[in-house]
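Inspection log for the structure reproduced underneath, given as structure tokens.
The values are calculated or read from the model by the stated rules, or taken from the named source; none is laboratory data. As the structure is a computational prediction, the values presented were derived from the model and not from experiment. With ideal geometry, Cβ positions are generated from the backbone for all residues, glycine too; neighbour counts draw on all protein chains shown.
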Amino acid sequence: MEQKLVIFEDNEALRNSLVYLLNSHTDYVVVADFNNVVDVKKQVSQYKPDLVIMDIDMPGKDGISGVEDIKEVRPQTTIIMYTQFEDDERLFKSICAGADGYILKKTSPEKLFDAITEVLNGGAPMSPMIAKKVISSFKTSRQKDSIQIKYDLTKREAEILQLLTKGYSVKLIAHEMNIAYDTARSHLRNTYRKLQVNCGKEAIAILLASKII
């Protein structure tokens, strides 16, 4: 069954290219595309997309506000921010608003398809440069230790958090760590409880807000 996509992008040439590209994939169909998010609630309620590809800088109302509106009327719709911006502030605001992935416009079509597949399977895809910002706190053992101490995480929970910030789904985390799926879920639940969040994107947002990342 084809996954329904909606695109919000004010650059007409880029938007048309995305429509053509995504419709060329047998698993996806672009049911609508728009150059702004002024009427996003009505549009998402009408088309009921599985996935939204969202630009940030648009006329009248920005894409981050659009994400908040979408999650209000249709929380099950996943959203990938598709933008030229790499700065921490927009990344943080997008994640807090409810975005499920953050991909730069210079990303190759192949990587865009990978990101769409990943987010529809429960992952949190990010462009390499964005992922680098998010996981920078894990580059040294000292930084890992500081995260463990700050949130009272076990070594295993800190390792799982590292994979989570790379965009791994629960299934991929279990495979990477060679543990059972239910064990991975249990560790994630404990991590969320300690961070006082309900999901992976909120965990990443907490790390960004705490200046740990």
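Data for the structure
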quantity: Enumeration of residues in segment 6-23 that are assigned to a loop (DSSP other than H, G, I, E, B) and among the polar types (S, T, N, Q); calculated: 11
quantity: Segment 29-74, residues that are over 15 Å from the mean Cα position of the chain (by Cα), in a loop (DSSP other than H, G, I, E, B) and of a type outside the set (A, V, I, L, M, F, W, C); calculated: 35, 36, 39, 48, 49, 57, 59, 60, 61, 62, 74
quantity: Identity of the residue in segment 75-85, surrounded by 15 or more Cβ atoms within 10 Å (Cβ to Cβ) and modelled with pLDDT under 90, that ends up nearest to the chain's Cα centre (by Cα); calculated: 83
quantity: Only listed residue being touching a residue at least 12 places away in the same chain (Cβ under 8 Å), of a type outside the set (Gly, Ala, Ser) and surrounded by fewer than 22 Cβ atoms within 10 Å (Cβ to Cβ), chosen from 105, 42; calculated: 105
quantity: Qualifying residue in segment 90-98 (condition: under 14 Å from the mean Cα position of the chain (by Cα) and on the phi > 0 side of the Ramachandran plot); calculated: yes
quantity: Hey, residue 103 within 22 Å of residue 122 (Cβ to Cβ), in a helix (DSSP H, G or I) and among the β-branched types (Val, Ile, Thr) or not; calculated: no
quantity: Unmet criterion (only one of (1) in a helix (DSSP H, G or I); (2) within 20 Å of the chain's Cα centre (by Cα); (3) closer than 28 Å to residue 197 by Cα) for residue 111; calculated: (3)
quantity: Residues of segment 157-170 that turn out to be assigned to a helix (DSSP H, G or I) and either at pLDDT below 80 or hydrophobic (A, V, I, L, M, F, W, C) (or both), as a count; calculated: 8
quantity: Of residues in segment 175-198 being surrounded by 14 or more Cβ atoms within 10 Å (Cβ to Cβ) and part of a loop (DSSP other than H, G, I, E, B), the one modelled with the lowest pLDDT; calculated: 197
quantity: Test: residue in segment 76-90 that is in contact (Cβ under 8 Å) with a residue 40 or more places away in the chain and farther than 23 Å from residue 109 by Cβ; calculated: yes
quantity: Residues within segment 6-29 that are touching a residue at least 24 places away in the same chain (Cβ under 8 Å) and surrounded by fewer than 19 Cβ atoms within 10 Å (Cβ to Cβ), tallied; calculated: 8
